[in-house]
1. How high is the relative contact order of region A:52-167, given as a whole-number percent (alpha carbon pairs under 8 Å, six or more residues apart)?
2. Keeping all protein chains in the complex and leaving out DNA, RNA and ligands, what accessible area do you get for B:Phe102 with a 1.4 Å probe, in Å² to the nearest 10?
3. If the only charges are +1 at each Lys and Arg Cβ and -1 at each Asp and Glu Cβ, what is the size of the charge dipole of region A:3-105 around the Cα centre, to the nearest 20 debye?
4. What is the dipole size for region A:47-149, taken about its Cα centre, with +1 at each Lys and Arg Cβ and -1 at each Asp and Glu Cβ, in debye to the nearest 20?
5. Points 7 angstrom from Cα along the Cβ direction at B:Met1 and A:Met1: gap in nanometres?
6. Carbon-plus-sulfur fraction of the accessible area of region B:2-76, 1.4 Å probe, in percent?
7. Cα centroid distance between region A:208-282 and region A:46-103, in Å?
8. Roughly speaking, what is the stretch gain from A:Ala185 to A:Val276, that is 0.36 nm per residue apart minus the C-alpha to C-alpha distance, in nm to one decimal?
Amino acid sequence: MNVLLPSTAEDLWRILGDNPDALLCAGGTDLLVKVRAGMIRPVSLVCLERLDDFRGIRDEGDTFSIGACTPHTEIVTSSAIDAFLQVLKKAVHVLGSPPIRNMATLGGNICTASPAGDTLPALYALDAELELWSRSHVRRLPIDQFITGPGKTTLRKGEVLAAVRVRKPAGKFIHHFEKVGQRQAMSISIANLAALVKVDQTDTIENISLAWGSVGPTIVRSREVETALKGTKLSVEGLKQVFPLIDRALSPISDVRASSTYRRRVSANLLLRLAVHEGCRT
Amino acid sequence: MISLTFVLNGKITTIETPPDRRVIDLLREDFGLTAAKEGCGTGECGACTILVDGESRLSCLMLAAQLEGRSVTTVEGLEEGTNRVGRIQAAFIRHGAVQCGFCTPGMVLAVSDLLDREPKPDRERIREGISGNLCRCTGYQKIVDAVEAVISETRGKGQNT
Ligand SMILES: Cc1cc2nc3c(=O)[nH]c(=O)nc-3n(C[C@H](O)[C@H](O)[C@H](O)COP(=O)(O)OP(=O)(O)OC[C@H]3O[C@@H](n4cnc5c(N)ncnc54)[C@H](O)[C@@H]3O)c2cc1C
Ligand code: FES
Ligand code: FES
């Protein structure tokens, strides 16, 4: 296996042009595990780790542009992310372990497109937009149009995920992320929930976005549930009212980690945590 | 084959190697540095932890070509009791944080990365910092004790390096 390490975008496009069958490698924490297991046998790997154009967090006023090759550790320690995108910070904080977070990248988590990918619910709840570059073209599309199924994306040949664009939530939101796994550290999500909620002085929900992971072929964002909750009080009773709608929105599978019945129950119950959230009076 | 040049435990080193050789194999088999261990080969156990440019990384999930121009530290690079890694090692010995020792080299380097980022972590944060390094022997308690000892010694001497 040939291993190529372009250090400029120009190098990258030349290498991709010369090696059309090469696979991209960012942190390698998904890819090299698959290579090791013999699931894939690439002829060459193009490592993205030395491309500064694809890395780092840029504050563009009302939007953040996060380079796809930004390692998770950089996201978790960024003061800008801490100030504006707590929901993403919380998700990244429980992804893998310190060495995994030092190596693995945000773009890798997106392109792996696992239903259990921990940053995905946060990015769906934030309505993240992805920026894809090829040699002669740039396109942007919402994350839910990029990920189409487990491990499936609409990434085209010769294209690279360059950046993730996220608008700063306007006003004061509750940023919530919770993951249920088999142990506290380093476990794959059995179910997870990312939520952004805005309430008024009387705890009435003005705005809410909810995204569940690991309970369907891709992340589940239910507009029906969100609409039903808008204008209601943020309380355990109020949230329980939408349980039947949640049940309909989810399509979990049973696997070695949990049964589909457990996933359904825990996913609905994860929502109740919002009612006791810090900054929310009862 | 590629000609790979990088800094290994402080010394500039050049070696001919296949570019896709795993770093763990390069270190153990080509350089005879056997501190980094292969526990799982899939990123789960942390026994293969090394420092690359001072950050903890898993040598089972890195390929030789990725080391070009980087600086690699393994536990063999410590200076007994003097530099940070050496002081961590000494505290592990004093506190009985080593039993079979399989996890120890990786654990020591994970602690080094943690203390670089956060000089005074509490027990909870220490546990988080070593959460990628599995130990089947100690129950972690003595490891956390050893790390706390390193922190209070460092504070006592007023030094961070
Ligand atoms: C021990 C262990 C624990 C883990 N724990 C978790 C966890 O708790 N939660 C979780 O969500 N994940 C976890 N993972 C999975 C993995 O670490 C994450 O998905 C990580 O974010 C992948 O990023 P990477 O940079 O390593 O991706 P890579 O392995 O480099 O790439 C993954 C895929 O994305 C493609 N790709 C990468 N970057 C780009 C790009 N910029 N443009 C186009 N394609 C690209 C690659 O070609 C490849 O197909 C874990 C993995 C391990 C080994
Ligand atoms: S051998 Fe690398 S993490 Fe287990
Ligand atoms: S001392 Fe045996 S695995 Fe940690």
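The values are calculated or read from the model by the stated rules, or taken from the named source; none is laboratory data. All values derive from a computational prediction rather than experimental measurement. Reconstructed Cβ throughout: ideal geometry from the backbone, glycine too, with neighbour counts over all protein chains shown. Note: accessible area is taken over every heavy atom of the protein model, side chains too, but ligands, DNA and RNA are not part of it. Shrake-Rupley method; radii C 1.70, N 1.55, O 1.52, S 1.80 Å.
1. So the answer I get is 29 percent.
2. For B:Phe102, solvent-accessible area is about 90 Å².
3. Once rounded to the nearest 20, the dipole reads 540 debye.
4. Roughly 260 debye, rounded to the nearest 20.
5. Going by the 7 Å Cα→Cβ label model, 2.2 nm.
6. Looking at region B:2-76 in its full context, I get 47 percent from C and S.
7. Between the Cα centres of region A:208-282 and region A:46-103 lies a distance of 27 Å.
8. 30.4 nm is the gain from fully extending A:Ala185 to A:Val276.
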